[in-house]
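Single-structure report; data block below.
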Amino acid sequence: MENSDQRKLLSALCHGSIFLSSLLISIGIPVAILLISEDLIVKENAREAINFHINLYLYAAIAGVLAITVIGIPIAIVLGIALFVASFVMPILAIVSALSNPAQPYRYSFIWRLV
């Protein structure tokens, strides 16, 4: 792809979609971009955004299960705060990276790559 502006926009849109409130829209945008785009960098950014979404949901489910047990309540609170902070900070870092270095896909730290 020769259009760097389009690459920047689509990559930033993939990572920024997590700030949208609806579950279907926030994960649907990177899925749609993954299916439609022909650019390999944009596809990698879309996969990484989807993996980040999935990991946040998995960690939230783990925190919910831990909150059910009395011993797990402090752990669930700490994990919940960490998820809340990570869900804002990490996508912002990804957007900045996608805009400043469009030739390289962004890789989130501390996630499992399932897609």
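Looking at the structure I just gave you, is ARG7 open to solvent by 20 Å² or more (accessible area, probe 1.4 Å), at pLDDT 95 or above and either basic (Lys, Arg) or touching a Leu at 6+ places or on another chain (Cβ under 9 Å) (or both)?
Numbers: open to solvent by 20 Å² or more (accessible area, probe 1.4 Å): yes; at pLDDT 95 or above: no; either basic (Lys, Arg) or touching a Leu at 6+ places or on another chain (Cβ under 9 Å) (or both): yes.
Against the criterion (open to solvent by 20 Å² or more (accessible area, probe 1.4 Å), at pLDDT 95 or above and either basic (Lys, Arg) or touching a Leu at 6+ places or on another chain (Cβ under 9 Å) (or both)), ARG7 does not qualify.
Residues in segment 91-107: is at least one surrounded by 13 or more Cβ atoms within 10 Å (Cβ to Cβ), in a loop (DSSP other than H, G, I, E, B) and under 12 Å from the mean Cα position of the chain (by Cα)?
yes
Residue-wise test of (1) under 17 Å from SER97 (Cα atoms); (2) open to solvent by 50 Å² or more (accessible area, probe 1.4 Å); (3) at pLDDT below 95; (4) among the charged types (D, E, K, R).
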| position | (1), (2), (3), (4) |
| --- | --- |
| SER17 | yes, no, yes, no |
| SER21 | no, yes, yes, no |
| ILE29 | no, no, yes, no |
| GLU48 | yes, no, no, yes |
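Determine which member of the set ILE54, ILE71 is open to solvent by less than 80 Å² (accessible area, probe 1.4 Å) and out of contact with any Pro (no Cβ under 8 Å at 6 or more places or on another chain).
Values: ILE71 fails: open to solvent by less than 80 Å² (accessible area, probe 1.4 Å).
Every option except ILE54 fails the conditions.
Criterion first (among the polar types (S, T, N, Q), within 27 Å of LEU34 (Cβ to Cβ), exposed (fewer than 13 other Cβ atoms within 10 Å of the Cβ) and touching a residue at least 12 places away in the same chain (Cβ under 8 Å)) does SER87 satisfy it? Quick ask: steps written out before the conclusion?
Values: among the polar types (S, T, N, Q): yes; within 27 Å of LEU34 (Cβ to Cβ): yes; exposed (fewer than 13 other Cβ atoms within 10 Å of the Cβ): no; touching a residue at least 12 places away in the same chain (Cβ under 8 Å): yes.
No.
So which helices (runs of 4 or more DSSP H) are wholly in segment 1-82 and hold at least 1 residues that are charged (D, E, K, R), without any contact (Cβ under 8 Å) to a residue 60 or more places away in the chain and within 18 Å of ARG107 (Cβ to Cβ)?
Numbers: elements: 4-16, 23-36, 40-68.
Passing ranges, in order: 40-68.
The values are calculated or read from the model by the stated rules, or taken from the named source; none is laboratory data. In this text the structure is predicted, and so the values were computed from the model without any measurement. Glycine gets a Cβ as well: all are built from the backbone with ideal geometry, and neighbour counts include every protein chain shown. To get the accessible areas, we keep the full protein, side chains included, count just its heavy atoms, and leave off ligands, DNA and RNA. Shrake-Rupley method; radii C 1.70, N 1.55, O 1.52, S 1.80 Å.
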